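What follows is a single structure, written as structure tokens, with notes after it.
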Amino acid sequence: MEFSGLLLKGIGGFYYVEAEDGTVYECKARGIFRKRKMSPYVGDRVRISVEEDGTGAIEAIEPRKNDLIRPPVANIDQLFIIAAAKDPAPSTLIIDKTIAAAENKGIEPILVVSKTDLEDAGWLLSIYQKAGIPTIAISSVTGEGVEQVRELLKGKISAFTGNSGVGKSTLLNCVYPRFSLETGEISQKLGRGRHTTRQVELLPLPDGGYVADTPGFSSIDIDRYELVRKEDLPHCFREFEPYLDDCRFSSCSHTCEKGCAVLEAVAEGKIAPSRHESYVTMYQEVKDIKEWQMKEKPV
């Protein structure tokens, strides 16, 4: 028998695929994928064949609309970027790099600012509201924002990212307590949290949709494996779009040129200075990287 299904988890060479009727089959991947240097990713839509004893094999991987390298996950609809109001202090550069990577992949970025019971985060939220990025202020203590997150998760495949200690697992525990995801306290000595999850897995949600439980998924992965080409970078800052065709020179890098409409928009307060500063930093990091280097895959 053959079925279509969604790959929920991969571990030790075995893949667990949920068929349309909800049955989960344990599968191995055909050798042809190794020959093609392809690996099934969590989130893949796949075709599987199932033997009479219930064992299965992945026969085909349907085309992906997007994928991330580390963690290996595909077909993400939205990326919740978690930043804490304090402990640890938020970094707009880290947030902006993550948003740009999501935009480049066609994934909707959503900024979630946690621990708002400890510190007012209005200044941070206003930067991204001005940029047109969906934002949510949340507190696991007061419950602020939890229902908003729950509503956005319905019917979507979502992933959460954020540096250690910002409260990713705590947020998921608040949204759906039955997950009881293990959470770790911040290590005061190291100033960062301990990784408490171990493998990539799609968790089915009670209200429909899935959330990717992604171990150690942080800005470090984005920085190393999801670099954006300099030609594509301006389009990953959505508030730049109205101005990109109005620069004096078609080759404008939007970093320092005279007659740059983006710089004029920054000066007029239409674009947040921190967003443009992040753009310039990212542009400088990638402007000299060769095409073959962008295509390198991590080992």
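Read-outs throughout are calculated quantities, based only on the coordinates presented, and are distinct from any laboratory measurement. Fair warning: this is a prediction, and the values are worked out from it, not measured in the lab. Neighbour counts run over all protein chains shown; Cβ positions are idealised from the backbone, glycine included.
Key figures for this structure:
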{"read-out": "Nonlocal amide H pairs with A212, under 5 Å, H built at 1.01 Å", "value": "S158, A159, F160, L203"}
{"read-out": "Cross-link table K9/K37; K28/K290; K35/K154; K130/K168; K86/K287; K115/K156, entries beyond 31 Å C-alpha to C-alpha", "value": "K28/K290; K35/K154; K86/K287"}
{"read-out": "Spin-label pair A19/Q129, simplified geometry with 7 Å Cα→Cβ offset, distance in nm", "value": "4.9 nm"}
{"read-out": "Two-site label geometry, K287 and E119: point separation in nm, points 7 Å out along Cα→Cβ", "value": "3.1 nm"}
{"read-out": "For segment 239-254, 3J(HN,Hα) per residue [Karplus equation, 6.51 cos²θ - 1.76 cosθ + 1.60, θ = phi - 60°, Hz, x = Gly/Pro]", "value": "6, 6, 3, x, 10, 5, 8, 9, 6, 5, 10, 5, 8, 4, 8, 6"}
{"read-out": "10 Å binning of all Cα-Cα separations within segment 103-161, expressed as whole percents from 0 upward", "value": "20, 51, 26, 2"}
{"read-out": "Length released on extending from E231 to K65, taking residue separation times 0.36 nm less the Cα-Cα span", "value": "57.7 nm"}
{"read-out": "In order through segment 63-73: 3J(HN,Hα) via Karplus (6.51 cos²θ - 1.76 cosθ + 1.60), integer Hz, x for Gly, Pro", "value": "x, 8, 7, 6, 7, 10, 7, 10, x, x, 9"}
{"read-out": "Hull shadow area, averaged, segment 1-47 [alpha-carbon convex hull, nm²]", "value": "3.3 nm²"}
{"read-out": "Cα-Cα P(r), segment 127-169, percent of pairs per 10 Å interval", "value": "21, 53, 26"}
{"read-out": "Taking only Cα atoms of segment 1-132, radius of gyration then Dmax in Å", "value": "19.4, 60"}
{"read-out": "Segment 1-115, relative contact order in percent, only Cα pairs under 8 angstrom and at least six apart counted", "value": "20 percent"}
{"read-out": "Gap separating the Cα centres of segment 1-37 and segment 224-244, nearest whole Å", "value": "35 Å"}
